[in-house]
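Peer 1: Questions regarding the structure given below will be posed in turn.
The values are calculated or read from the model by the stated rules, or taken from the named source; none is laboratory data. Since this is a predicted model, take the numbers as computed values, not measurements. Counting neighbours? That spans all protein chains shown, and the Cβs are built from the backbone with ideal geometry, glycine included. Heavy atoms of the whole protein, side chains included, go into the accessibility calculation; ligands, DNA and RNA do not. Shrake-Rupley method; radii C 1.70, N 1.55, O 1.52, S 1.80 Å.
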Amino acid sequence: MAGSISSALLLLLNMAGALLAPRAPDSVPAGDDEGVDFFFFPFLVLYKSGRVERFMGTDTVPASVDPATGVASKDVAIDAAAGLAVRLYLPNSTAERLPLVVFYHGGAFVTESAFSPTYQRYLNALASRAGVVAVSVDYHLSPERPLPTAYDDAWAALRWALASARCGSGAEAEPWLSRRADLTRLFLVGDSAGGNIAHNVAMRAGREGLDGGETIQGVALLDPYFWGKRPVPSETRDPAERRWRDSTWSFVCAGRYGVDDPVINPVAMASDEWRRLGCARVLVTVAGLDVLAARGRAYVAALGASGWGGDVRLYETPDESHVYFLLKPDGEKAAKEMDAVVAFINGNRPLESSGLGNFVGTPTKEPEWDSTLYTAI
């Protein structure tokens, strides 16, 4: 079914349909003798037998040299026994050393992959525009491997990338990393669920440190997926929608984390927890029509008011839906957002705001943020 629909339409249904206005479906697939355990509309059905049927986000493309950008890609199994792999991207650049980006894809924790055509196109563009070596992580999906598996995979992939880049030479070295990656310019980037993962990896780096003492210079959270029991300012208060979101979160983590656990509701963290965030700079992007935008804004406000010593920026695109830059990659607004991400990675001054997208202040000027208001009683 997925193969007969274009990847853009798949992602439109996948991201916009489920994350912009997710509601419990009026009906579930009929005619299956196994019985339906959970229908995560429109992504998949989990049958009572344990079988999972996905409806979208399963298309893949091989690694290649992209004719449009000259970016080369290749796949590496970093833990064959665990089934953990990454796709590497190397731009056609004369620079001796390049920033290293570890990227985590979106898909509600249940669909998409590092090998999908959507993310192949995005990473080719990012690697070319920003001049970076990129490691796109193919973490395990829920419900077969519920959270925290994706978090653990993401952490393992980061450690592998850094260890391989440190090797210099030998059997353990991955040459694209050991010869080209600059570990003093390390960034994490993720969209939607991948933004949630990038945040949680940075939190773990702050708590545990990285093996070689590296520092994450920046984390870019692109329309990140966060939630919580109590609405933040401007967030939907519709009871049915909030119950549905609560239930889908419980589904992807198999009930391990409550909806106010910091992994999904960081805005409720106390200031001393925020100050453990292990990076120097944060960029959060939101889309004006995205129901998740309110959480992205709240994240920026909470981090800025926490006393964390880094720089946090909010970039907002008006009149667009969740991850529109993946749905309409050739649009002018998507190009401006890519400019913002590239400037963030390359340490350039923020771009001037325009009608296409806006940097929205620096929330360190908002000390009145009270995290206790967003923790359920």
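Peer 1: Would you list the helices (runs of 4 or more DSSP H) that sit entirely within region 85-180 and hold 3 or more residues that are among the charged types (D, E, K, R)? Working first, answer last.
Peer 2: Values: elements: 117-130, 149-167, 175-178.
The helices (runs of 4 or more DSSP H) meeting that bar are 149-167.
Peer 1: Something else about it: Does F251 satisfy being among the aromatic types (F, W, Y) and either free of Cβ contacts under 8 Å to residues at least 24 places away in the same chain or open to solvent by 10 Å² or more (accessible area, probe 1.4 Å) (or both)?
Peer 2: Working: among the aromatic types (F, W, Y): yes; either free of Cβ contacts under 8 Å to residues at least 24 places away in the same chain or open to solvent by 10 Å² or more (accessible area, probe 1.4 Å) (or both): yes.
Taking the combined requirement at face value, the residue satisfies it.
Peer 1: In the set R281, R275, which member is in contact with a strand residue (DSSP E or B) (Cβ under 8 Å, 6 or more places away or on another chain), over 27 Å from H140 (Cα atoms), open to solvent by 10 Å² or more (accessible area, probe 1.4 Å) and basic (K, R)? Walk me through it before giving the result.
Peer 2: Numbers: R275 fails: in contact with a strand residue (DSSP E or B) (Cβ under 8 Å, 6 or more places away or on another chain).
Testing whether each residue is in contact with a strand residue (DSSP E or B) (Cβ under 8 Å, 6 or more places away or on another chain), over 27 Å from H140 (Cα atoms), open to solvent by 10 Å² or more (accessible area, probe 1.4 Å) and basic (K, R) leaves just R281.
Peer 1: Report, by residue number, each residue of region 226-248 that is touching a residue at least 12 places away in the same chain (Cβ under 8 Å), open to solvent by 20 Å² or more (accessible area, probe 1.4 Å) and either touching a helix residue (DSSP H, G or I) at 6+ places or on another chain (Cβ under 7 Å) or assigned to a loop (DSSP other than H, G, I, E, B) (or both).
Peer 2: K229, R230, P231, P233, S234, T236
Peer 1: What number of residues within region 284-301 satisfy the criterion of being open to solvent by less than 10 Å² (accessible area, probe 1.4 Å), among the β-branched types (V, I, T) and not in a strand (DSSP E or B)?
Peer 2: Total meeting the criteria: 1.
Peer 1: Of everything in region 71-114, what is open to solvent by 30 Å² or more (accessible area, probe 1.4 Å) and under 15 Å from A125 (Cα atoms)? Give them in sequence order.
Peer 2: Across region 71-114, the qualifying residues are N92, S93.
Peer 1: What do you reckon, is G194 crowded, with 22+ Cβ neighbours inside 10 Å, part of a helix (DSSP H, G or I) and within 14 Å of the chain's Cα centre (by Cα)?
Peer 2: Values: crowded, with 22+ Cβ neighbours inside 10 Å: yes; part of a helix (DSSP H, G or I): yes; within 14 Å of the chain's Cα centre (by Cα): yes.
So G194 passes the test.
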